[in-house]
1. Please pick out the residue among Gly74, Gly106, Gly81, Gly35 that is open to solvent by 20 Å² or more (accessible area, probe 1.4 Å) and either in contact (Cβ under 8 Å) with a residue 24 or more places away in the chain or within 20 Å of Val135 (Cβ to Cβ) (or both).
2. Considering only segment 13-38, how many residues are within 16 Å of Ser107 (Cβ to Cβ) and in a loop (DSSP other than H, G, I, E, B)?
3. Of the residues Lys130, Lys125, only one is in contact (Cβ under 8 Å) with a residue 12 or more places away in the chain, open to solvent by 70 Å² or more (accessible area, probe 1.4 Å), within 23 Å of Glu6 (Cβ to Cβ) and of a type outside the set (Gly, Ala, Ser); which?
4. Take the residues in segment 60-71 that are in a loop (DSSP other than H, G, I, E, B) and more than 17 Å from Asp103 (Cα to Cα); name whichever of them is least open to solvent (accessible area, probe 1.4 Å).
5. Answer with yes or no whether Val34 is among the β-branched types (Val, Ile, Thr) and touching a helix residue (DSSP H, G or I) at 6+ places or on another chain (Cβ under 6 Å).
6. Considering only segment 77-136, state which residues are among the hydroxyl-bearing types (Ser, Thr, Tyr), over 13 Å from Lys31 (Cβ atoms) and not in a loop (DSSP other than H, G, I, E, B).
7. Read through the list (1) surrounded by 11 or more Cβ atoms within 10 Å (Cβ to Cβ); (2) without any contact (Cβ under 8 Å) to a residue 40 or more places away in the chain; (3) of a type in the set (A, V, I, L, M, F, W, C); (4) under 18 Å from Phe129 (Cα atoms), then give the number of the only condition that Ala4 fails.
8. Could you please find all residues in segment 68-95 being among the basic types (Lys, Arg) and over 21 Å from Arg48 (Cα atoms)?
Amino acid sequence: HVAADEYWIRIDKSDYRLYLYQGDEVDRIFKVAVGRNAGDKQRRGDNRTPTGIFSVQSIENSSAWTHDFRDGKGVIRGAYGPWFIRLKTGWQGIGIHGTHAPDSIGSMVSEGCIRMQNKDLEELKHYAFKDMKVVIEE
């Protein structure tokens, strides 16, 4: 349950949207990318975004993080954008983060995370807090 004025997040995987709510009202809508495979996460490495009711575990500065997407381009600096909003999902490494590939937003492309434009992520970070409710729907 969320307090009347409290911010929370709802992610709709089917329309690639992240809704920032304040109580019952939608405050902002952002376009996102989700896991490249449809359906609820079954196992580590299945490239699915988990569905369910989760919460924010931590907000980490990811500006210096790198990642190798195994696409032949090697290690990418800034792969996670400026922030990694780590989610408590029961799975390791699932979060809401920025991207080095803005063209990927609005598609099924990630390894399971929710990916946003860096400028949108910066905006979302202003509202995010530890234990914030995050609902991810198919």
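1. Gly106
2. 3
3. Criteria check complete, one pass: Lys130.
4. Top of the filtered list is Ser62.
5. Criteria met by Val34.
6. If the condition is that a residue be among the hydroxyl-bearing types (Ser, Thr, Tyr), over 13 Å from Lys31 (Cβ atoms) and not in a loop (DSSP other than H, G, I, E, B), then Ser110 is the only one that fits.
7. Checking Ala4 against (1) surrounded by 11 or more Cβ atoms within 10 Å (Cβ to Cβ); (2) without any contact (Cβ under 8 Å) to a residue 40 or more places away in the chain; (3) of a type in the set (A, V, I, L, M, F, W, C); (4) under 18 Å from Phe129 (Cα atoms), the one that fails is (1).
8. Result: Lys73, Arg77.
The values are calculated or read from the model by the stated rules, or taken from the named source; none is laboratory data. Everything numeric here is computed off the predicted structure, so don't read it as measured data. Don't worry about glycine lacking a Cβ; one is built from the backbone with ideal geometry, like all the others, and counts go over all protein chains shown. To get the accessible areas, we keep the full protein, side chains included, count just its heavy atoms, and leave off ligands, DNA and RNA. Shrake-Rupley method; radii C 1.70, N 1.55, O 1.52, S 1.80 Å.
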